[in-house]
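A.B. asks: Handing you this structure, nothing more for now.
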Amino acid sequence: MLIVENLSVNYKAIKALVNLSCRVEQGEIVALIGANGAGKTTTLNSISGIVPASAGRVVFEGEEITKTLPHLIVKKGISQVPEGRRVFAKMSVLENLEMGAYIRSDTKGIAQEMERIFHLFPRLAERKKQLAKTLSGGEQQMLAMGRALMSQPRLLLLDEPSMGLAPMLVEKIFEIIQEINKTGTTIMLVEQNAHMALSIANRAYVLETGQVVLEGEAKELAENPEVRKAYLGE
Amino acid sequence: MLLQQLINGIALGSTYALIALGYTMVYGIITLINFAHGEIFMAGAFVGLFLVTVLKFNVFLAMAGAMIFCMIMGVVIELIAYRPLRKSSRLSALISAIGVSIFLSTLALMVFGADAKGFPDTAFPVQQVKILGAEISTLQLLIIGVSALLMLALEFIVQKTKIGKAMRATSEDYNTAALMGINVNRIISFTFALGSSLAAAGGVLVGLLFNAVSFNMGLMAGLKAFSAAVLGGIGSIPGAMLGGLLLGVAEVMGVAAGYSSYRDAIAFAILVLVLLVKPTGLLGQKIQKKV
Ligand SMILES: Nc1ncnc2c1ncn2[C@@H]1O[C@H](COP(=O)(O)OP(=O)(O)OP(=O)(O)O)[C@@H](O)[C@H]1O
Ligand SMILES: [Mg+2]
């Protein structure tokens, strides 16, 4: 479904990604794990078209999207939940969700989508009219996820959904990610919480300084001594 | 006569508010002080004058025509002078804006000459009406009425329409707006169109108020409106409205109190004061660095 081939990204003199390759098959949950500054966010932003690639290509459903503008990539079916949630703080919960549905104009479909999201995140339904900045961290994460789902993406990119959340809430969020996946949305999951990520992913990539250093079945990686030492705190 | 001065101040202040809105909206979305905004206002006044004197339009039609003209003008200026510099430093874009400003006022000087031109008396019948003991001219009523209407329309667009919401989203977080599928370039064009059309309406109204349209009218009006935007809190739409009105009232009151030779200095004194005491302005939020 998604093929990333020899992708390189530079921020001025900093080489953030060097010849990175990975792929995501239809229906999978693929995890991208790695330490701070490994290039996880850069990978997602490059797929979304927010940061330009200096070399390599990104192909989505057989079509090259390396140089496609971000808003057109959303139209092609890729949606991102950015790192740090980035909800529109001065807009209401409802308006945030409406922004998620920006590319759609089928009023009925949008309303149905919103119902589905309120079903998935009942907390949001209770807080419809509130400004997003008044939500708790966990609620903001839910809003950011709900907002990304409003465009009915076929591929959902999630950047550290567990960041700054209490363990209980992290479990809840990961359950919801699995639920979203079961209803047919393919997922690429960036996480520092390698333990949780590997427990729900089919496959995973381990990133170090902008390069893939390990890849494979999530279960196997979770058993790998190097991974256990470096990322699972053993 | 306090009420009298208050109304004079509100009429003048409404025109500042109309111009200030363009500064604040553009700043809100691309953190650029659009120095050419005053010249867009000037162009609006000239187009309005042309439509009234040459094509014999009535004031309302002339205003609408000027608004459409300046909408296009604002969009084109952004396209050729600011967009190519989007990824460069803020300073480059600012210098480009000053360049556009000088270019436009010089062009107007060459085309229309140095003398101020006035609207014909027939353009708008000015009468005095007495309200609660205050003498108000129908022109002042026109200015206040049209400004209020335009600001209400703007508020509706920004708060209720899809594109207005996208505008707010983009001004909060440019990259995340793009991740929603919002074509941010189109939103930026739309912002310039809105701001420029309001400035054009302001230009026609000011041209009528002072019965003078000249190549350099954008400079002083632009600086004052910019001060109003800063007073209200740059980036804040209600702030620009409030700042404009306050500045207009302060100016009129200052003149009434006998400081007429300091007329133009009042706005700048307020600007300096705001920058010293509360740089975020009355309704402004903390200034955030945009990525
Ligand atoms: N806008 C930027 N300008 C300059 N350098 C950047 C920028 N964004 C990221 N970098 C650098 O690129 C490298 C990769 O950063 P990236 O944000 O992709 O890492 P990450 O794996 O997401 O890290 P984290 O887990 O901390 O979120 C880092 O060295 C970082 O300092
Ligand atoms: Mg990151």
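A.B. asks: State whether the residues of segment B:187-202 include one that is buried (at least 20 other Cβ atoms within 10 Å of the Cβ), within 14 Å of chain A (Cβ to nearest Cβ) and not aliphatic (A, V, I, L, M).
C.D. replies: Checked segment B:187-202: at least one residue is buried (at least 20 other Cβ atoms within 10 Å of the Cβ), within 14 Å of chain A (Cβ to nearest Cβ) and not aliphatic (A, V, I, L, M).
A.B. asks: Which residues, counting only those in segment A:30-49, are more than 12 Å from ligand 2 (Cβ to nearest atom) and out of contact with any strand residue (DSSP E or B) (no Cβ under 8 Å at 6 or more places or on another chain)?
C.D. replies: A:Gly49 - this is the single residue of segment A:30-49 that is more than 12 Å from ligand 2 (Cβ to nearest atom) and out of contact with any strand residue (DSSP E or B) (no Cβ under 8 Å at 6 or more places or on another chain).
A.B. asks: Continuing with this model, one more query. Being acidic (Asp, Glu) and under 24 Å from B:Ala193 (Cβ atoms) is the filter here, so list the residues in segment B:123-158 that pass it.
C.D. replies: B:Glu155
A.B. asks: Take segment A:70-86 and flag every residue that is more than 7 Å from chain B (Cβ to nearest Cβ), surrounded by fewer than 19 Cβ atoms within 10 Å (Cβ to Cβ) and not small (Gly, Ala, Ser).
C.D. replies: Result: A:Leu72, A:Lys76, A:Glu83.
A.B. asks: Looking at A:Ser199, A:Ser151 in this structure, which one is away from ligand 2 (no atom under 16 Å from the Cβ), among the polar types (S, T, N, Q) and closer than 26 Å to B:Asp173 by Cα?
C.D. replies: None of the others qualify; the one that does is A:Ser151.
A.B. asks: How do the pairs read when you match residues in segment B:147-165 that are within 12 Å of B:Ile237 (Cα to Cα) with residues anywhere that are among the basic types (Lys, Arg), using Cβ under 9 Å and keeping only pairs 6 or more apart or on different chains?
C.D. replies: What qualifies is B:Val158/B:Lys165; B:Val158/B:Arg168; B:Gln159/B:Lys165; B:Gln159/B:Arg168.
A.B. asks: Look at B:Val146 and say whether it is within 14 Å of another protein chain (Cβ to nearest Cβ), touching a Leu at 6+ places or on another chain (Cβ under 9 Å) and part of a helix (DSSP H, G or I).
C.D. replies: Against the criterion (within 14 Å of another protein chain (Cβ to nearest Cβ), touching a Leu at 6+ places or on another chain (Cβ under 9 Å) and part of a helix (DSSP H, G or I)), B:Val146 does not qualify.
A.B. asks: While we're here: Does segment B:160-168 contain at least one residue that is assigned to a helix (DSSP H, G or I), among the β-branched types (Val, Ile, Thr) and in contact with a helix residue (DSSP H, G or I) (Cβ under 8 Å, 6 or more places away or on another chain)?
C.D. replies: Within segment B:160-168, one or more residues are assigned to a helix (DSSP H, G or I), among the β-branched types (Val, Ile, Thr) and in contact with a helix residue (DSSP H, G or I) (Cβ under 8 Å, 6 or more places away or on another chain).
A.B. asks: Does at least one position in segment A:53-69 carry a residue that is touching a residue at least 60 places away in the same chain (Cβ under 8 Å), away from ligand 2 (no atom under 13 Å from the Cβ), facing another protein chain (nearest Cβ under 10 Å) and not aromatic (Phe, Trp, Tyr)?
C.D. replies: No, that holds for no residue.
A.B. asks: Of all residues in segment A:172-189, which are in contact (Cβ under 8 Å) with a residue 60 or more places away in the chain and either surrounded by fewer than 19 Cβ atoms within 10 Å (Cβ to Cβ) or in contact with a helix residue (DSSP H, G or I) (Cβ under 9 Å, 6 or more places away or on another chain) (or both)?
C.D. replies: A:Ile177, A:Gln178, A:Ile180, A:Asn181, A:Gly184, A:Ile187, A:Met188, A:Leu189
Conditions tested, residue by residue: (1) part of a loop (DSSP other than H, G, I, E, B); (2) over 17 Å from the mean Cα position of the chain (by Cα).
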position: A:Asn19; (1), (2): no, yes
position: A:Gln26; (1), (2): yes, no
position: A:Ile33; (1), (2): no, no
position: A:Ala38; (1), (2): yes, no
position: A:Thr42; (1), (2): no, no
position: A:Ser46; (1), (2): no, no
position: A:Thr68; (1), (2): yes, yes
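A.B. asks: Considering only segment A:87-135, how many residues are in contact with a Leu (Cβ under 8 Å, 6 or more places away or on another chain) and either within 20 Å of A:Ile73 (Cβ to Cβ) or within 14 Å of chain B (Cβ to nearest Cβ) (or both)?
C.D. replies: Residues flagged as in contact with a Leu (Cβ under 8 Å, 6 or more places away or on another chain) and either within 20 Å of A:Ile73 (Cβ to Cβ) or within 14 Å of chain B (Cβ to nearest Cβ) (or both) within segment A:87-135 amount to 12.
FYI, it's all coordinate maths here, none of it is from the lab. Model, not experiment: these values are computed from the prediction. Heads up, the Cβs are rebuilt from the backbone with ideal geometry, glycines too, and the neighbour counts pull from every protein chain shown.
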